[in-house]
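The values are calculated or read from the model by the stated rules, or taken from the named source; none is laboratory data. All of these numbers come straight from a predicted model, not from anything done at the bench. Here the Cβ positions follow ideal geometry from the backbone for every residue, glycine too, while neighbour counts run over all protein chains shown. Protein only, heavy atoms only, side chains kept; ligands, DNA and RNA dropped before computing areas. Shrake-Rupley method; radii C 1.70, N 1.55, O 1.52, S 1.80 Å.
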Amino acid sequence: MYTLKFENENGNIITLSGVEKTYQIISIEGLNPPNATIHRSEVAGMDGSKYMSAQLGERNIVLTVKINGEVEKNRLNLYKYFKTKHWCKMYYSNESREIYIEGYVEAIECGLFTSSEQMQISIICPDPYFYSLTEIVTDISKGFGNFEFPFAFGAKGAVEDTITDEAIEFSYYVKDRIVSLYNEGEDETGFIVEIVANDIVVNPTIFNVDTREFFTVKISLEKNDVLTINTNKGQKSISLLHGLVTTNAINHVARNSTWLNLSKGENQFTYQAESGDADMLIRFIHRNKYQAV
């Protein structure tokens, strides 16, 4: 069994699975891995060719739907969710995966004068990957509870009925210098790094322990500033939230920095700063991506 939903640019969602009295899915094309373009060149004196690079092409999803019930009313209702040239988002889930993909409606064809009316919807997805519906969030700084009962208040804190000069800790932070991120997808993927400054932090750097690549932002963060780094392809950006104002910080990337990615499987990262690295709270956010459902 599977569930199929579509969302339009206004945030309205329609379910097209399990509603056979209204819409019956006849076929869905484009759910298999997309074709790849293999770049190669011929070399003098060598048979065949030399591999240069490869890339996946865009994905074309073609949906064929039989319209039941009040045919004209239900057909017009579909037009609200599928508008040619407009953005849409497809949600697909089965027993193994809950994923989504974004695209644009290329064409809509419908046999208006047939006894069994069907609509064919073509969607072009420039990014050919399916992404996991759930974000994976990993914090480098972890909080541990330290609050116990019974207790009574004293001058500067108390344990049971005994007054003490030592204040009681409600919680404390343990900072792990190395964090493991696991990419369960079928290809490497980018991620988002959020750095929150508890005090002044100068020139923060994120390191990939396995590849020895790094990404440095030449910037001074003040207390409560949030630096957000997005390394996903097509979305690469750096923004600084200071107070209530967000600014573009892409010009602060240090020379020789690498836009880091997550390889398939386990990846290890660490961090540092020229000063204030003990005041950095860091979390990584990523989604697994897949070539097929």
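Quick notes on this structure:
- Over the chain, DSSP H runs of length four or greater, each weighted -39,500 (n - 2.57), average out per residue to a 222 nm ellipticity of -1000 deg cm²/dmol.
- Taking the C-alpha atoms of segment 66-112, convex hull volume expressed per residue in Å³: 100 Å³
- Cα-based radius of gyration for the chain, normalised by 2.2 N^0.38 Å, reads 1.38.
- Residues T134 and V202, FRET efficiency given R0 of 35 Å [Cβ-Cβ distance, rounded to 0.05]: 0.50
- Around N208: net Lys/Arg minus Asp/Glu count, Cβ-Cβ under 13 Å: -3
- Cα-based convex hull, segment 37-102, per residue volume (Å³, whole number): 183 Å³
- Nearest-ten-degree value, helix 71-81 long axis tilted from longest Cα axis of the chain: 40 degrees
- Residue-normalised accessible area of the chain, given per residue in Å² at a 1.4 Å probe: 60 Å²
- Relative contact order %, segment 225-282, counting alpha carbon pairs below 8 Å whose residues are six or more apart: 21 percent
- Once the Cα gyration tensor of segment 178-269 is diagonalised, semi-axes √(5λ) in Å: 24, 14, 13
- For I195, the shell of other residues with beta-carbons less than 11 Å away shows a net charge of -3, using +1 for Lys and Arg and -1 for Asp and Glu.
- Pairwise label distance in nanometres, E42 with H242, each label 7 Å out on the Cα-Cβ vector: 5.8 nm
- Take every Cα pair under 8 Å whose residues are at least 6 apart in sequence, average their separation, divide by the length of the chain, and the relative contact order is 18 percent.
- Loop-located GluC sites (Glu not before Pro) in segment 1-60, at most 13 other Cβ atoms within 10 Å (DSSP): E9, E20, E42, E58
- Options M52, T64, F6, ranked by Cα towards positive dipole end of segment 1-125, top entry (Cβ charges): F6
- Residue order for R97, R212, R283 - accessible surface, 1.4 angstrom probe, largest first: R212, R283, R97
- Full extension of the chain segment joining Q118 with I13 gains 35.8 nm, where the gain is 0.36 nm per residue of separation less the Cα-Cα distance.
- Radius 13 Å from Cβ of P128, net charge of other residues (Lys, Arg +1; Asp, Glu -1): -2
- Length released on extending from A278 to E109, taking residue separation times 0.36 nm less the Cα-Cα span: 54.9 nm
- Computed from the C-beta positions of T211 and E29 and an R0 of 25 Å, the FRET efficiency is 0.10 to the nearest 0.05.
- Reported value for segment 31-75: 97 Å³ per residue, from the convex hull of its C-alpha atoms.
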